[in-house]
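Asks: Dumping the structure here so I can ask a few things about it.
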Amino acid sequence: MNRYSAFGLIRGAIGGHKHWQPAWRDAEPRASYDVIVIGGGGHGLATAYYLAKVHGLRNVAVLEKGWIGGGNVGRNTTLVRSNYRLKPLHDFFEFGLKLWEHLSDELNYNVMFSPRGSLVLGHSDADMTVLAQRGDAMACDGIDAELLTRDQVAKIEPLLDMSRDARFPIEGALIQRRGGTARHDAVAWGYARAADALGVDIIQKCEVTGFVRDGDRVTGVETTRGRIGAGRVGICVAGHSGHVADMAGLRLPIESQTLQALVTEGVKPMVRSVVQSHSIHCYISQSDKGGIVMGGDPDNWPSYARRGQPTIVEGAIAQAIALMPALSRLRMLRTWSGVTDMSFDGSPIIGTTPIANLFLNGGWCYGGFKATPASGFTYAHTLATGTPHPLAMPFALDRFARGATIDESGAGPLPNHR
Amino acid sequence: MYLIPCPHCGPRAQAEFTYERTTDSVVDPAGPVGTAMGTLFTRANPMGMDDEIWRHTYGCRAWLVLTRDRLTHAIAAVRTIGPEALP
Ligand SMILES: Cc1cc2nc3c(=O)[nH]c(=O)nc-3n(C[C@H](O)[C@H](O)[C@H](O)COP(=O)(O)OP(=O)(O)OC[C@H]3O[C@@H](n4cnc5c(N)ncnc54)[C@H](O)[C@@H]3O)c2cc1C
Ligand SMILES: [Zn+2]
């Protein structure tokens, strides 16, 4: 791997940029691998990278049905934070946030992690009490959280409607200053390049269509490019966990739904932090190119169609404009959607399955991008050692049967009734 | 968005309806306790047809069963709900 550096850029500028190499090989599938990761999204690529880097496994393949970065890793709204109330969640995401802080150095790839502050607005006394509780829970574990007054919020985001008769009056906010955004494609490409450099085969246009079994063990996968043997197989397919696990006869506590986002034309800086409101589920941030990125609710019914319904986009825009009236002047550039795994307690599933040698990483709901490094790190541990990483232990698949759900939003088994 | 043919009201905008859950995830109160959690929490979640319970929330408020394709959103059948609609 040619290391990227300022010197390399200058050399390229002088030499007509002829020295650049492809960032990763276009690998042909081998007959078998020690570990196969199904799904070349951010999580799958990160998993492969940490398998090679931390656990020394080099005979590893990532199988991707489409192309690297074509899934949710390239479709999300790039928010990164660790401001969860429940301990298993904030411990896991904080471990991830610490990895984010050094990720560009680690991968020798600029993932443009931008800790511009993650601001969660409170619209009522009840909201502020909940935010204070959440901040306290985080602070008890040494995670930065700060409760802000109305005036402090207005200083950070002067374009918010702070009037008393605002549609969503603003009473204050909880800010995590280390939260922010990252460039989503760069995360996929950076992990892909770094994993490839360690010998991992990244195989695109290779869809897994079935599992090869020897009794109750998985010994490989069937793909559109033939049968490939594997010591261990890790499912890591974001919104597609349900039907991929079904090929192995597993039923999951997951329903696939469409989540949409939109971006406006590029404008000069107008949103400094990441503005979120969990009470109305709307979030606003400005991309480094200047577009205002917004998102909202999922469709709230099962869907594998990677398009959503306009009423949801309309709702998100209406909320965003109510919070920040100046946004009404902007033109929408495009809207898109991704298929997400909605788990029934809103938390991910990482770990073993009842089938030997088959592992699962899924159920990320709307919040898995921020988890990418932590997900890869802990899943690699699970795939390499056969046992869950301590941080991922609470997110075991059998937690539903044990009654040990991790339900941050208290929506129970019906996340669509949130 | 698409139209859902409500047996009571005729074709109406999908936004008038609320999705509840799949018919096979309804727990049988008389059934064994051991299987209730599995029934309540797990789904087949197929990339194709499934039987789903919907409600015409902003219309006649009736509960319905839709046989619907999750990839194309084509609706093969809509039935009014009753004991006979559940498996
Ligand atoms: C609109 C939207 C906004 C979001 N906003 C945020 C946000 O702001 N912050 C945040 O933290 N999270 C956010 N998320 C969630 C986040 O994007 C996902 O949780 C996360 O990216 C999922 O992990 P991944 O990157 O590995 O998934 P993906 O990139 O989807 O990777 C899964 C891969 O598996 C492949 N695959 C599927 N089936 C097969 C098969 N049979 N064989 C081979 N390959 C297969 C797919 O093609 C895909 O490339 C958002 C999601 C969406 C859709
Ligand atoms: Zn009706």
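The values are calculated or read from the model by the stated rules, or taken from the named source; none is laboratory data. Predicted model only: the values in this text are computed from it and were never measured. No Cβ is skipped: glycine too gets one built from the backbone with ideal geometry, and neighbour counts run over all protein chains shown. In case anyone asks, the SASA skips ligands and DNA or RNA and just uses the protein heavy atoms, side chains included. Shrake-Rupley method; radii C 1.70, N 1.55, O 1.52, S 1.80 Å.
Asks: Per the Kirkwood formula on distinct C-alpha pairs, the Rh of segment A:109-237 is how many angstrom?
Replies: 19.2
Asks: Working from the alpha-carbon coordinates of the protein assembly as shown, get Rg over Rh, Rh being the Kirkwood radius.
Replies: 0.97
Asks: Mind checking how much accessible area A and B bury in total, 1.4 Å probe, in Å² rounded to 100?
Replies: The contact between B and A buries close to 2300 Å².
Asks: Using Cβ-Cβ distances only, list the Cys residues of the protein assembly as shown with no partner cysteine under 4.7 Å, sorted by number.
Replies: Singleton cysteines: A:Cys140, A:Cys206, A:Cys236, A:Cys282, A:Cys365, B:Cys60.
Asks: Could you work out the Rg to Rh ratio of segment A:1-110, with Rh taken as the Kirkwood radius (inverse of the mean 1/r over all Cα pairs)?
Replies: So for segment A:1-110, dividing Rg by the Kirkwood Rh gives 1.02.
Asks: Taking 31 Å as the cut-off for C-alpha to C-alpha distance, list the pairs among A:Lys155/A:Lys289; A:Lys205/A:Lys370; A:Lys53/A:Lys289; A:Lys18/A:Lys98; A:Lys155/A:Lys370; A:Lys53/A:Lys370 that go past it.
Replies: Too far apart for the 31 Å limit: A:Lys53/A:Lys289; A:Lys18/A:Lys98.
Asks: Rounded to the nearest 20 debye, what is the charge dipole size of segment A:1-84 about its Cα centre when +1 sits on each Lys and Arg Cβ and -1 on each Asp and Glu Cβ?
Replies: Taking the Cα centre of segment A:1-84 as origin, the dipole is about 260 debye.
Asks: Need one number: nm distance between label points at A:Asp125 and A:Lys289, each 7 Å from Cα along Cα→Cβ, rounded to one decimal.
Replies: Each label point is offset 7 Å from its Cα along the Cβ direction, giving 4.6 nm.
Asks: Same structure, new question: What share of Cα pairs, in percent, lie more than 16 angstrom apart in segment A:221-290?
Replies: 69
Asks: Let me ask you something else. Helix A:125-140: angle to the longest alpha-carbon principal axis of chain A, degrees 0 to 90, nearest 10?
Replies: So the inclination is approximately 50 degrees.
Asks: Just add up the charged neighbours of A:Met112: K/R +1, D/E -1, any other residue whose Cβ is under 12 Å from the Cβ of A:Met112.
Replies: Its environment carries a net charge of +1.
Asks: Rounded to two decimals, what is Rg over Rh for segment A:164-242 when you use alpha-carbon atoms and the Kirkwood radius?
Replies: 1.25
Asks: What per residue convex hull volume, in Å³, do the alpha-carbon atoms of segment A:290-418 yield?
Replies: 143
Asks: Looking at chain A as a GNM with Cα springs under 10 Å, which of A:Gly290, A:Gly16, A:Gly44 has the largest mean-square fluctuation?
Replies: The residue with the greatest mean-square fluctuation here is A:Gly16.
Asks: Translational D (Stokes-Einstein, µm²/s) of segment A:153-296 at 10 °C and 1.306 mPa s when Rh comes from the Kirkwood sum over C-alpha pairs?
Replies: D = 81 µm²/s.
Asks: Determine the share of segment A:188-305's accessible area contributed by carbon and sulfur atoms, expressed in whole percent, with a 1.4 angstrom probe.
Replies: Here it works out to 48 percent.
Asks: In peptide B:43-53, how many Cβ atoms from other protein chains are near each Cβ within 10 Å, on average?
Replies: For peptide B:43-53, the averaged partner shielding equals 5.
Asks: For peptide A:302-314, what's the mean number of Cβ atoms from other chains within 10 Å of each residue's Cβ?
Replies: Rounded to a whole number, the mean comes out at 4.
Asks: For A:Lys370, which sequence-distant residues (separation of 5 or more, or a different chain) have an amide H within less than 5 Å of its own amide H, given hydrogens modelled in the peptide plane?
Replies: It is none; the list stays empty.
Asks: I've got another one for you. If one takes the longest principal axis of the Cα atoms in chain A, at what angle in degrees, from 0 to 90 and to the nearest 10, does the Cα axis of helix A:87-101 lie?
Replies: 80
Asks: Relative to the compact-globule scaling 2.2 N^0.38 Å, provide the ratio for the alpha-carbon radius of gyration of segment A:222-366.
Replies: 1.28
Asks: Of A:Asp127, B:Asp51, which has the most accessible area and how do the rest follow, probe 1.4 Å?
Replies: The ranking, largest first, comes out as B:Asp51, A:Asp127.
Asks: Which value in deg cm²/dmol, rounded to the nearest 500, describes the helix-derived mean residue ellipticity at 222 nm for the protein assembly as shown, given -39,500 (n - 2.57) per DSSP H run of n ≥ 4 and division by the residue count?
Replies: -7500 deg cm²/dmol
Asks: Compute the acute angle (0 to 90°) between the alpha-carbon long axis of helix A:6-15 and the principal axis of greatest extent of the alpha-carbon atoms of chain A; round to the nearest 10°.
Replies: 70
Asks: Largest first, what is the accessible-area ranking of A:Val339, A:Val54 with a 1.4 Å probe?
Replies: The ranking, largest first, comes out as A:Val54, A:Val339.
Asks: Next up: Determine how many Å³ per residue the convex hull of the Cα atoms of segment A:68-125 encloses.
Replies: Cα-based convex hull of segment A:68-125, divided per residue, equals 124 Å³.
Asks: State the percent of C-alpha pairs, over all pairs in chain B, separated by a distance greater than 22 angstrom.
Replies: 28
Asks: Looking at chain A as a GNM with Cα springs under 10 Å, which of A:Gly220, A:Gly56, A:Gly386 has the largest mean-square fluctuation?
Replies: Between A:Gly220, A:Gly56, A:Gly386, it is A:Gly56 that shows the largest mean-square fluctuation.
Asks: If the chain between A:Asp136 and A:Met332 were fully stretched, how many nm would it gain, using 0.36 nm times the residue separation less the Cα-Cα distance?
Replies: 66.8 nm
Asks: Another one. Please state, as a whole number in µm²/s, the translational diffusion coefficient that the Stokes-Einstein equation yields for segment A:52-183 at 20 °C and 1.002 mPa s, with Rh defined as the Kirkwood radius across alpha carbon pairs.
Replies: Here the translational diffusion coefficient equals 126 µm²/s.
Asks: Return the long-range amide H neighbours of A:Tyr33 (sequence gap of 5 or more, or a different chain), with a cut-off of under 5 Å between placed amide H atoms.
Replies: Correct list: A:Gly229, A:Ala230, A:Gly231.
Asks: What's the magnitude of the charge dipole for the protein assembly as shown around its Cα centre, counting Lys and Arg as +1 and Asp and Glu as -1 at the beta-carbon? Answer in Debye, nearest 20.
Replies: 1280
Asks: Further question: Over the protein assembly as shown, give the accessible area per residue in Å² for a 1.4 Å probe, as an integer.
Replies: Using a 1.4 Å probe on heavy atoms only, each residue of the protein assembly as shown averages 41 Å².
Asks: May I ask you to compute the full-extension gain from A:Arg177 to A:Thr224, defined as 0.36 nm times their residue separation minus their alpha-carbon distance, rounded to one decimal in nm?
Replies: Taking A:Arg177 through A:Thr224 to full extension adds about 12.4 nm, to one decimal.
Asks: Would you mind giving the mean number of other chain beta-carbons within 10 Å of the Cβ of each residue in A:249-255, as a whole number?
Replies: Whole-number average of other-chain Cβ neighbours for A:249-255 is 5.
Asks: Which value, in Å² rounded to 10, gives the accessible area of A:Cys140 with a 1.4 Å probe and all protein chains present?
Replies: Answer for A:Cys140: close to 110 Å² accessible.
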